[in-house]
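Since the structure comes first, as C-alpha cells, the remarks are kept for the end.
The values are calculated or read from the model by the stated rules, or taken from the named source; none is laboratory data. Owing to the predicted nature of the structure, the values given are computational and were not obtained by experimental measurement.
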Amino acid sequence: MGGQHYEDEGKERDELRTMELSRVGVEILRFSDNEILTNLEGVCEVIQRVIEKKRANSPSPQSSPHWERGSKESKKNCPPPS
C-alpha cells in the first residue's frame, strides 16, 4: 500500500470503505507494496486460499472465468499454486 494508507486519515477512509464493501459481500485483501514486490508468490497464495474458501462456503458456487485455476488471466500474473 502507499504511504497514505498508514496515516490516520488514510486508515479511517480505508476502514469506512472496507465496512461499506463488506455490507455487499466484498472482502478486501490488503498487501503492502513491499509484500507484493518481494513475495508475489505468497501474496498470490493468500488470494487463492481466500477464493477457494469462498467457493467452498458458497451455497451456489459461481466461478469467474478470469480467476479459475489454470485460466490465462490467473497464469498471467501469479505463479500456479503448489
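Among the residues of segment 16-46, the ones that are part of a loop (DSSP other than H, G, I, E, B) and hydrophobic (A, V, I, L, M, F, W, C) come to 5 in all.
With respect to the stated conditions, Arg49 is in a helix (DSSP H, G or I), among the basic types (Lys, Arg) and at pLDDT 95 or above.
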